[in-house]
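No value in this document is a laboratory result; all are computed from the given coordinates. This one's a predicted model, so the numbers in the text were calculated from it and none came from an experiment. Backbone-built Cβ (ideal geometry, glycine too); neighbour counts: all protein chains shown.
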């Protein structure tokens, strides 16, 4: 059996190990499948027009860079896209799948097939399922707040249109995310059509980063009582390290490596200092002196005589700003074997 050598603290610099170990069990995950946190996803019951998206997270746990040649699906009801094609050692990527709830309805089953061509050819099949109901329509399909400034509360309205029983009601709303609140208000009711307004609010204390969750509408429908609604937002600071964490890959003692840090702001800013926590001799930073909206900071790395993975914390002080920026750089020093 041909296997790829995973990353260990004292692993050899050789990236691939060839071994004859007989026939693997049919239940054993392939080297490519082992990178994925999850291997299938069920959207459950979703409303027509609702945004049904999910990200399969995977991490390259091997020394070799992995490459995705392409991603396909087995049904036109589903699309799949990788966040990036090339994933160096230790880095994380996603396969985002989306179910088309506008053109399709009822039970839908599909597979996203991720095809790796490096370091070896391998296909990973990710089953996807959804039941798309036609009696409930969500417009727009999800609460997409886009970019939101940190400390800003934001609200938006969605329409929930039900066709069927004249005594259908939304009885409750469940949000497992403390930064998302939602309220449903009945707007109209006729013999076969009922309209609710759903107000979704992103709270002002939402943390920095990507928020991706859902609120669940609880109805008095005995067969399908729950209607999920996707909520997405990107909470951004006035300043951010655009390429954090800084992935440095493999480093070799005695070989200087150059990297670049990118810091973005909404207004021009000046960097007062950049300091690392433990490895001051390993990193040399050329601090820009002028004020700009985008600061490109050259970093020169001189690896010490050691072997293994490392992670270093950096603090960036900005003129006129009390709270510093922080980011992490990580990589692996490959010593002599």
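Could you work out Rg/(2.2 N^0.38 Å) for region 239-333, with Rg from alpha carbons only?
Values: Rg = 13.5 Å, N = 95, 2.2 N^0.38 = 12.4 Å.
My calculation over the Cα atoms of region 239-333 gives 1.09.
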Check your understanding: Rounded to two decimals, what is Rg over Rh for region 206-263 when you use alpha-carbon atoms and the Kirkwood radius?
Key -> 1.35
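Test of understanding: express the Cα radius of gyration of the chain as a ratio to 2.2 N^0.38 Å, with N the residue count.
Values: Rg = 24.6 Å, N = 337, 2.2 N^0.38 = 20.1 Å.
In units of the 2.2 N^0.38 Å rule of thumb, it is 1.23.
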Revision key, fill the gap. All alpha-carbon distances of region 87-184, grouped into 5 Å bins from 0, give the whole-percent distribution 2, 8, 12, 15, 15, 16, 12, 10, 6, 3, 1, 0
Review point. How would you rank 282, 35, going from fewest to most other Cβ atoms within 10 Å of each one's own Cβ?
Key: 282, 35
Check your understanding: With no solvent and one point per C-alpha, what does the Debye sum give as log10 I(q)/I(0) for region 49-135 at q = 0.12, 0.13, 0.14, 0.20 Å⁻¹?
Key -> -0.39, -0.45, -0.51, -0.86
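Using alpha carbon coordinates only, what is the Rg to Rh ratio of region 122-172, with Rh defined as the Kirkwood radius? List each step's numbers first, then the result.
Working: Rg = 17.3 Å, Rh = 15.1 Å.
Ratio of gyration radius to Kirkwood radius: 1.14.
Any idea what the alpha-carbon Rg over 2.2 N^0.38 Å comes to for region 232-292?
On the way: Rg = 14.3 Å, N = 61, 2.2 N^0.38 = 10.5 Å.
Taking the Cα Rg and dividing by 2.2 N^0.38 Å, one obtains 1.37.
Where both partners of a DSSP beta bridge lie in the chain, what percent of those bridges are antiparallel, to the nearest 5?
85 percent
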Practice item. Principal axes first, then extents: for the Cα atoms of region 142-236, list largest minus smallest coordinate on each axis, whole Å, largest first. Key: 45, 22, 15
